[in-house]
1. Long-range amide H contacts for A141: which residues qualify at under 5 Å (H placed 1.01 Å from N, peptide plane, sequence gap of 5 or more or a different chain)?
2. Using a 7 Å offset from the Cα along the Cα-to-Cβ direction at both W329 and L145, what is the distance between the two label points in nm, to one decimal?
3. From a point 7 Å beyond the Cα of R302 in the direction of its Cβ, which residues of region 145-168 have a backbone N at a distance under 14 Å?
4. Would you list the membrane-span-like helices of the chain, meaning whole DSSP H runs whose alpha-carbon atoms span at least 18 Å along their axis and whose mean Kyte-Doolittle value is at least -1.0?
5. Quick check on the exposure proxy: order V286, V29 from fewest to most C-beta atoms within 10 angstrom.
6. Which FRET efficiency, nearest 0.05, do Q228 and R156 yield, Cβ-Cβ r, R0 22 Å?
7. Hey, rough spin-label estimate for N249 and F311, points 7 angstrom out along Cα→Cβ, what's it come to in nanometres?
8. Give, rounded to the nearest 20 debye, the magnitude of the charge dipole that the chain has about its Cα centre when Lys and Arg contribute +1 at Cβ and Asp and Glu contribute -1 at Cβ.
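Derivation of every value follows stated rules applied to the coordinates shown; laboratory data play no part. Note that the structure is a prediction, hence the values are computed from the model and not measured. Counting neighbours? That spans all protein chains shown, and the Cβs are built from the backbone with ideal geometry, glycine included.
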Amino acid sequence: MSTLADELRERGGVVEEQMRRPVTVLMTVRNDPIGCATTLSSLAEQSRKPDEIVIVDGGSTDETVRVIRRYFDTMPQIRIIEAPGANIARGRNIGTAAAKHEIIATTDAGCRAEPDWLANLIRPFEDDPQTEFVAGYYRVAPQALLEEVAGAVTMRGSLDPICPESFNPSARSMAYTKALWSCAGGWPDWVKFSEDTLWDYKIRSIRANWKFAGDAIVAWRPRTSVRQIAKQFFNYGTGRGHTQLQAGNFTYNLRNFALVAMSAALCAVTPWMALLLVALVGYFYVWTFHDKAVRIAKRTGRWVAYPLSLFVIWLVMASRTIGYLVGSWQRWRDDARYRVRTELYLATS
């Protein structure tokens, strides 16, 4: 004989099931079998299972597709779409268009979603049917001191709380509706780098119903070597050169570099200019970042993290600035692709 409590629980379960909205998890990949295995294993452990997982492969030439297919028996909701030559933004457009469900949650190969990631990311859509976009969050999962320092230097929120109103999320943890994607004109697939930054600007320009889910977290491992860090931020800088987003930051860095270079050149004329050179270098490249480097060193508990933090900051700054110059030159060479298309894309719908 059922009790009143059993009946209420049953009714609650029915209501919860009626409120539950199906979701497609979307991921793009190329030549990353280990990263795919990491992400798929974490998706298999979600408290709220994905109704569909769409993986767009951009033309892998290694074991990536075979590794994905090994999950078919235990995760039948996986679909692979092979799109050789597609960049990340193009892959997301292909995957979004092919998705069966209205809500799309995105992550990147190599990210490990925490068990409640998807449940927390989708909850705003279920609490408020007018929600169109949800910004999730992420944390670093370093395995070496360089990775820990690189994550602390470059990831917003690693040292100070973020402001949800100004936070531009990464596609490693976000969700949106297909209707919003269509209204925005899709992902900007004419740019290879920083496509999610341009996407964020577009979503804000059309005043989407935007929510922040700080508890929808994925863990990711920063680049493991100096060369990889430099390449990553060179690419980011190139993307900013293509779009000219936040160009003022790069102008500031270029101005500082010009002052230091001019002072160094004048040292050949008068040795007294060496004092100015030391002062400029000390202010622009040490004192300005001193507090941040101290905080990172305290967090790691290792004094060597202080000079390492300064080095990573300089490396990131130089790589981004050089990339910005290259991207700006490419924008000038191909005005129709970069300037015109970016301005049209950002025009308010």
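1. W220, R221
2. With each label point 7 Å from Cα toward Cβ, the separation is 3.7 nm.
3. Under 14 Å, as judged by backbone N against the label point of R302, lie 145-152 of region 145-168.
4. Flagged H segments are 4-19, 226-243, 247-266, 288-300, 305-333.
5. V286, V29
6. The computed FRET efficiency comes out at 0.65.
7. My value for the distance between the label points is 2.4 nm.
8. Charge dipole, the chain, about its Cα centre: 1220 debye, nearest 20.
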